[in-house]
1. Just checking, which of Ala192, Ala184 is free of Cβ contacts under 8 Å to residues at least 40 places away in the same chain and hydrophobic (A, V, I, L, M, F, W, C)?
2. Taking helices (runs of 4 or more DSSP H) that fall entirely within the stretch 112-213, which contain at least 1 residues that are farther than 24 Å from Ser7 by Cβ?
3. Looking only at the stretch 151-158, decide whether some residue is over 14 Å from Val36 (Cα atoms), in contact with a Leu (Cβ under 6 Å, 6 or more places away or on another chain) and modelled with pLDDT of 95 or more.
4. Here's a check for you: in the stretch 37-74, which residue that is at pLDDT below 85 and more than 21 Å from Gln19 (Cβ to Cβ) is surrounded by the fewest Cβ atoms within 10 Å (Cβ to Cβ)?
5. State the number of residues belonging to the stretch 191-209 that are within 22 Å of Leu144 (Cα to Cα) and buried (at least 16 other Cβ atoms within 10 Å of the Cβ).
6. Go through (1) closer than 26 Å to Cys20 by Cα; (2) at pLDDT below 95; (3) surrounded by fewer than 14 Cβ atoms within 10 Å (Cβ to Cβ) for Phe212 and report which single condition fails.
7. Report whether or not Asn84 is of a type outside the set (Ser, Thr, Tyr), surrounded by fewer than 20 Cβ atoms within 10 Å (Cβ to Cβ), in contact with a Leu (Cβ under 7 Å, 6 or more places away or on another chain) and not in a loop (DSSP other than H, G, I, E, B).
8. In the list Ala15, Ala8, which residue meets the criterion of being in contact with a Leu (Cβ under 7 Å, 6 or more places away or on another chain) and surrounded by 15 or more Cβ atoms within 10 Å (Cβ to Cβ)?
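The values are calculated or read from the model by the stated rules, or taken from the named source; none is laboratory data. Every value quoted in this text rests on a predicted model; they were computed, and no experiment measured them. FYI the Cβ positions are ideal-geometry reconstructions off the backbone, even for glycines, and counts take in every protein chain you see.
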Amino acid sequence: MATEIISAQYLVSSATHKQCPKADRPEYAFIGRSNVGKSSLINMITGQTKLAKTSATPGKTQLINHFAITSRHKNKQGKTTEQNWYIVDLPGYGYATVSQKARNNWENMIESYIRKRENLGCLFVLIDSRHEPQKVDIDFIRQLGEWQVPFVVVFTKSDKNKPGGTKRRVEMFIGKLLEEWEEAPPYFVTSAVEKSGREDLLNYLFDLNSTFTVV
């Protein structure tokens with residue numbers, strides 16, 4: 001089985017969930033701490049280099065950014081399926097060089113979007129694989145559980161680690177989650193530099209798309 005991106009285009013940036021495009025297709029939002037590699041991951045998934053704007057400045061993403069995606073999937077029998085869906089780039093959580101007021105506004109915007117966007121099929125929570133479990137990530141995931149929001153974990157920047165380092169930190173993070181959760185969420189290990197994890201993510205997105213129904 002193989003999934004390929006036919007087109008990926010920036011659509012619109014919204015200040016609130018009410019301004020977002022019509023909820024007529026499946027939607028998947030990407031979120032993580034500042035500088036986790038979110039834009040690079042979105043660019044890797046879509047096969048483009050400049051779709052999502054990357055920046056060395058934490059907190060650069062300040063709005064709900066929608067990208068319109070068309071993909072084609074071919075199964076083992078050679079049958080092809082075309083799908084239209086959205087990728088959403090959300091502002092990061094945690095540290096950013098902004099005022100407390102601006103940070104509160106971001107948090108309110110993110111919470112409203114996550115809890116009220118009716119076509120949000122899954123939230124992709126990005127975790128930097130270079131670090132041991134961080135409290136801000138664990139707290140955010142705990143909040144998703146309380147809100148009953150479907151999510152998966154995506155470990156980024158695996159190319160930055162020494163051999164065995166990524167595996168050890170992934171196991172530490174999942175182990176930390178299992179202290180509170182009955183079972184671990186689905187997770188993926190990726191590198192935007194090496195393009196690793198792309199095929200697994202695309203096939204997972206195809207499966208999610210296949211179960212989506214317009215409310």
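1. On the way: Ala192 fails: free of Cβ contacts under 8 Å to residues at least 40 places away in the same chain.
The match here is Ala184.
2. Working: elements: 135-147, 165-177, 198-210.
Once the helices (runs of 4 or more DSSP H) in the stretch 112-213 are filtered for at least 1 residues that are farther than 24 Å from Ser7 by Cβ, what remains is 135-147, 165-177.
3. Going through the stretch 151-158, the residues over 14 Å from Val36 (Cα atoms) turn out to be 151-152.
Retained after the next criterion (residues that are in contact with a Leu (Cβ under 6 Å, 6 or more places away or on another chain)): 151.
Remaining after also requiring modelled with pLDDT of 95 or more: 151.
Yes, that holds for at least one residue.
4. Within the stretch 37-74, the first condition is being at pLDDT below 85, and the residues that meet it are 49-50, 52-62.
Checking which are more than 21 Å from Gln19 (Cβ to Cβ) leaves us with 49-50, 54-58.
Numbers: Thr49: 10, Lys50: 9, Thr54: 14, Ser55: 11, Ala56: 6, Thr57: 9, Pro58: 16.
The qualifying residue surrounded by the fewest Cβ atoms within 10 Å (Cβ to Cβ) is Ala56.
5. In the first step, residues of the stretch 191-209 are kept if they are within 22 Å of Leu144 (Cα to Cα); the result is 201, 204-205, 207-209.
Filter again for buried (at least 16 other Cβ atoms within 10 Å of the Cβ), leaving 201, 204-205, 208-209.
So the count comes out to 5.
6. Condition (3) is where Phe212 drops out.
7. Values: of a type outside the set (Ser, Thr, Tyr): yes; surrounded by fewer than 20 Cβ atoms within 10 Å (Cβ to Cβ): yes; in contact with a Leu (Cβ under 7 Å, 6 or more places away or on another chain): no; not in a loop (DSSP other than H, G, I, E, B): yes.
So Asn84 does not fit the description; no.
8. On the way: Ala15 fails: surrounded by 15 or more Cβ atoms within 10 Å (Cβ to Cβ).
Step by step, each of Ala15, Ala8 is checked, and only Ala8 is in contact with a Leu (Cβ under 7 Å, 6 or more places away or on another chain) and surrounded by 15 or more Cβ atoms within 10 Å (Cβ to Cβ).
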